[in-house]
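See below for the structure under consideration.
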Amino acid sequence: MSLLTTNDGVKLFYEEVGSNVPIVFVHEFAGDSRSWESQVRHFARRYRCITFNARGYPPSEVPEDAEKYSQDRACEDIKAVMDELQIDRAHVVGLSMGGFAALHFGFTYPDRARSLVVAGCGYGATPDQRAQFIAENDATARHPWRMGATSVRLSPRPGGRSRTTVRERACVVTRPSLRRTAKAARNLSSHRGKCPAIGRGPARCDVDHRGL
């Protein structure tokens with residue numbers, strides 16, 4: 001069993017498999033390092049995959065002192081894992097609680113992150129910022145076109161089945177003109193009705209949806 005010690009003296013359990021460019025996976029509140037098994041099985045064929053249990057999740061240490069737990073510590077623990085494994089830069093993938101930690105790792109150590117995958121990171125707001133939080137989310141919901149258009153590209157699985165990879169599922173955030181965005185939306189909408197791979201199970205579409 002592999003353990004490392006953080007700079008505040010807490011032992012963290014970690015595992016790694018694969019080689020080449022590193023990916024660090026950061027688990028959610030209701031999971032642990034085992035939650036990433038499917039992703040690790042896939043990406044370890046081409047990447048060096050690292051998972052770890054956050055403090056408080058055995059076999060990582062469970063400190064009794066509440067001061068040992070914070071969002072800042074969760075961010076620093078990602079750095080501790082990378083430092084222990086002598087990783088200068090890595091792709092950092094986080095879900096929910098881990099997404100929050102991954103996001104703040106990117107803010108705090110931008111030079112250490114090759115990329116961030118931040119999933120399910122709606123963490124709310126403190127009581128004194130509740131009105132601001134609601135207003136900002138309402139503005140975002142009312143004006144999605146300001147964020148540009150999403151891009152979806154399908155690629156074949158072995159055996160001919162279609163799939164959408166992690167990279168391909170991500171929204172490509174751009175800032176094109178509204179006219180260009182509207183045209184792209186119309187083209188994709190028109191293609192969607194004829195596309196054999198959208199909402200129709202195992203099929204392959206040879207059209208690059210990003211170019212629509």
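Computed from the coordinates by the stated procedures, all read-outs in this text should not be read as laboratory data. In this text the structure is predicted, and so the values were computed from the model without any measurement. Heads up, the Cβs are rebuilt from the backbone with ideal geometry, glycines too, and the neighbour counts pull from every protein chain shown.
Of the peptides 3-9, 32-38, 66-72, the ranking by mean beta-carbon count within 10 Å, highest at the top, reads 32-38, 3-9, 66-72.
Rounded to the nearest 20 debye, what is the charge dipole size of segment 1-86 about its Cα centre when +1 sits on each Lys and Arg Cβ and -1 on each Asp and Glu Cβ?
Dipole about the Cα centre, nearest 20: 560 debye.
Taking Lys and Arg as +1 and Asp and Glu as -1, the other residues whose beta-carbon sits under 13 Å from that of E67 total -1. Distances between placed amide hydrogens fall under 5 Å for G56 paired with E61, V62, all partners being 5 or more residues away or on another chain. The stretch between N137 and R41 holds 31.0 nm of extra length on full extension. This uses 0.36 nm per residue minus the Cα-Cα distance. Summarising the strand pairing of segment 1-93, around 55 percent of its internal DSSP beta bridges are antiparallel. Near L85, no amide H atom lies under 5 Å from its own; only residues 5 or more places off or on other chains count, and H is placed 1.01 Å from N.
Under the classification rounded if a/c is under 1.5, otherwise prolate if a/b is larger than b/c and oblate if not, where does segment 2-122 fall, given a ≥ b ≥ c as square roots of the Cα gyration tensor eigenvalues?
Since a/c stays below 1.5, the shape of segment 2-122 is classed as rounded.
Considering only the other residues whose Cβ falls under 14 Å of the Cβ of R130, what net charge follows from Lys and Arg at +1 and Asp and Glu at -1? Here the charged neighbours net out to -3. Where the centroid of each part is defined by its Cα atoms, how far is segment 11-38 from segment 45-120 in Å? First find each Cα centre; the distance between them is then 9 Å. Placing dummy labels 7 Å off each Cα toward the beta-carbon, the span from A119 to N20 is 2.0 nm.
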